[in-house]
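Notes for the one structure printed next.
The values are calculated or read from the model by the stated rules, or taken from the named source; none is laboratory data. Being a predicted model, the structure only gives us computed values, none of them experimental. FYI the Cβ positions are ideal-geometry reconstructions off the backbone, even for glycines, and counts take in every protein chain you see. These accessible areas exclude ligands, DNA and RNA; they are computed on the full protein's heavy atoms, side chains included. Shrake-Rupley method; radii C 1.70, N 1.55, O 1.52, S 1.80 Å.
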Amino acid sequence: MTQSEQILRRRTFAIISHPDAGKTTLTEKFLLYGGAIQSAGAVKGKQSDKHAVSDWMDLEKQRGISITSSVMQFEYDGYCINILDTPGHQDFSEDTYRTLMAADSAVMVIDAAKGIEPQTRKLFKVCAMRGIPIFTFINKLDREARDPYDLLDELEKEFGIGTYAMNWPISCGINFRGVYDRKRRCIVTFDDFHGGRNRLEAVECELTDTEKIDGLIGEELRRELVDNVELLDGGGNEFDIDRVRSGKLSPVFFGSALNNFGVELFLKNFLSMTTPPLPHVTVDKTTVDPFESGFSAFVFKIQANMNKAHRDRVAFMRICSGKFERGKEYLHVQSGKTGKLSQPQQMMAQAREIVDEAYAGDIIGVFDPGVYSIGDTVCDPGMNVKYEGIMTFAPEHFAEVEQIDSMKRKQFAKGMNQIAQEGAIQIFFFPASGMERVIVGVVGMLQYDVLEYRMENEYGVKFRRSAMPHDVIRRVVSLPEKTSVKDLRLSSETKWVKDVKGADYLIFDGEWSVRYALERNEGLELCEFDDRQV
């Protein structure tokens, strides 16, 4: 198979949703169909205490939520699929944002009873900003649900895009009988006793075959279905694949991931409609075509201690162009150094397999000795490309963190630095102070629980945490003439700190403290927090 043929069959997409909409369950069923796993686990591990493959971290299994994004690759129906399963909880939205930068399309999972929820809204905006295709799976039809028309209308009004119902639900909850496939013009019936063990077969019949349909779903539901299909055909949006691939029209599927209903129907249609790997933009605003011969990639995620036996660090790279070859030397653009990518591997969440080659669209993990940062570019030495950096969110919560056991100073420093380099937290130092006491900034409060758990279980360190009233951070760009930061006139609660690179920051307990600093220090220039690597 040629390089172009390999790239053409790649599909790289992220799955996004609000917590508990069924995102990780849907991911598991995809893996089941692809033969990557033999049985699907539950996110909360209710059946036989089997947990979802994508939730590999122990804390995820305990809490029943996805905390960090997972990468999974498998083959299905001639496609090579790279799934990026993302955290749904808003406290981990930064990890989701970075992951979306590595995806070519997104699958948005929506709870049929709840509709669009706050986190779904935020994540959609990131997808819309990039103009990537968005596919919608409305889940949990085996439970009581909102009116399908209301759900479609909400999608269009909230997101400003068109929708096209690829199938239509036949009732919901205890009366759920299946869906009508508009493309094949057939009914797929639902059996809540198969529990995902069998693949469902469609019953092909025209809507005019009243006798056959009445035998499947009953006369009342048949009449309702006929009316709905006529209304959709006459008043709904026209299907337009170009609008789908430009993110202007979202194909909508109804089903039940937990009961494995409608999942394969969705997967087959999704793979045929979504795009192969898309071009990526460099810092000088040029685009790099994935079919270019030269290899290039960017780092979108760093994860320490995925393997408890080795305590290693893995840098996840999205390949943007060309072909990766194991043993070949590549350029790390930010450092200007060339070298081999050590232990190149492809992922199934925590499991990994060493690979000799990979292509544009693939996600590979490489051993990171501490040289990579999020947003870094790696490429063939002769390519001379540098991809746009990935924005870091400004912390919204701050706390002083102090180690308890002074004999574990090295472990404390190592743990704090490594977890900070992953991008989940930001650490700051008081000038002239050591690592025994730092300020940790996070986007969401649950990150503190993750930090505490990981520091104790991965580095053997406990710490004290004292919450701070501060919620605004600004980087110091320039100072008044002949003035140092320590000489600034600031409110009593304003803190002066430095980041790991030595840059000066001021942490404020409100916007009024920011205005106070600017008004009383003529020539002081501050900027919004953005640690973008460019």
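Think of the chain as having a plus end and a minus end, set by charges on the Cβ of Lys, Arg, Asp and Glu; of Pro118, Leu490, Ala145, Leu490 sits farthest toward the positive end of this dipole.
Residues of the range 174-188 with an amide N closer than 19 Å to a point placed 7 Å from the Cα of Arg223 along the Cα-to-Cβ direction: 175-177. Computed over the chain, the Cα gyration tensor eigenvalues convert (square root of 5λ each) into semi-axes of 44, 26, 23 Å, ordered from largest to smallest.
Pull out a ≥ b ≥ c, the square roots of the eigenvalues of the alpha-carbon gyration tensor of the range 351-506, then state rounded if a/c is under 1.5, prolate if not and a/b is larger than b/c, and oblate in the remaining case. Cα axes put the range 351-506 in the oblate bin.
With θ taken as phi - 60° and the Karplus curve 6.51 cos²θ - 1.76 cosθ + 1.60 applied, the whole-hertz 3J(HN,Hα) list for the range 388-397 is 4, x, 9, 5, 9, 6, 6, x, 10, 9 Hz, x standing for glycine and proline. Please say if the range 225-273 is rounded, prolate or oblate, where rounded means a/c under 1.5 for a ≥ b ≥ c the square roots of the C-alpha gyration tensor eigenvalues, and otherwise the choice is prolate for a/b larger than b/c and oblate otherwise? Oblate, since a/c reaches 1.5 and b/c is not below a/b.
From the cross-link list Lys29/Lys125; Lys268/Lys340; Lys285/Lys501; Lys337/Lys410, which pairs have alpha carbons spaced over 32 Å apart?
Checking Cα-Cα distances, Lys268/Lys340 exceed 32 Å.
Stretched out straight at 0.36 nm per residue, the stretch from Glu154 to Cys527 would grow longer than its current Cα-Cα span by 130.6 nm.
Phi angles across the range 495-503 convert, under the Karplus curve 6.51 cos²θ - 1.76 cosθ + 1.60 with θ = phi - 60°, into 3J(HN,Hα) values of 10, 9, 9, 10, 8, 5, 9, x, 6 Hz, Gly and Pro given as x. Only beta bridges with both residues in the chain are counted; by DSSP, about 75 percent of them are antiparallel. For Arg326, the residues whose modelled amide H falls within less than 5 Å of its own, excluding neighbours fewer than 5 places apart on the same chain, are Glu357. Estimated from the Cβ-Cβ distance and a Förster radius of 22 angstrom, the FRET efficiency linking Asp487 and Phe429 is about 0.70.
Once Rg and the Kirkwood radius are both taken over the C-alpha atoms of the range 444-528, their ratio Rg/Rh works out to 1.09. Using the Cβ-Cβ distance between Asp242 and Glu325 with R0 set to 35 Å, the FRET efficiency from 1/(1 + (r/R0)^6) comes to roughly 0.50. Secondary-structure-derived ellipticity at 222 nm for the chain, considering helices only, amounts to -7500 deg cm²/dmol, per-run term -39500 (n - 2.57) for DSSP H runs with n ≥ 4. Extending 7 Å from the Cα toward the beta-carbon at both Ile174 and Lys268 defines two label points whose distance is 3.3 nm. Normalising the average separation of contacting C-alpha pairs (under 8 angstrom, six or more residues apart) by the number of residues puts the relative contact order of the range 201-273 at 15 percent.
Computed over protein heavy atoms with a 1.4 Å probe, the accessible surface of the chain works out to 43 Å² per residue. Determine which aspartates and glutamates satisfy two conditions relative to Lys23: a Cα distance under 18 Å, and not lying fewer than 8 residues away in the same chain. Within the straight-line cut-off, Lys23 pairs with Asp55, Glu60, Asp85, Asp91, Glu94, Asp95, Asp104, Asp111, Glu117, Asp142, Glu264.
I'd like the projected area of the range 231-349, averaged over all directions, using the convex hull of its alpha carbons. Report it in nm² with one decimal.
Working: hull surface 48.2 nm².
Result: 12.1 nm².
With contacts taken as Cα pairs under 8 Å at a separation of at least 6 residues, the chain carries a relative contact order of 13 percent. Using the Cβ-Cβ distance between Met407 and Arg520 with R0 set to 35 Å, the FRET efficiency works out to roughly 0.20. Amide H contacts of Arg313 (H built 1.01 Å from N, in plane; Pro and chain starts excluded): Asn305, Asp368 sit under 5 Å, all sequence-distant by 5 or more or on other chains.
Taken along the Cα-to-beta-carbon direction at a fixed 7 Å, the label points for Arg437 and Ala113 span 5.0 nm. Using only Cα atoms, tell me the angle between helix 219-235 and the longest principal axis of the chain; keep it within 0 to 90° and round to the nearest 10. Value to nearest ten degrees: 60.
Share of carbon and sulfur in the accessible area of the chain stands at 46%, probe radius 1.4 Å.
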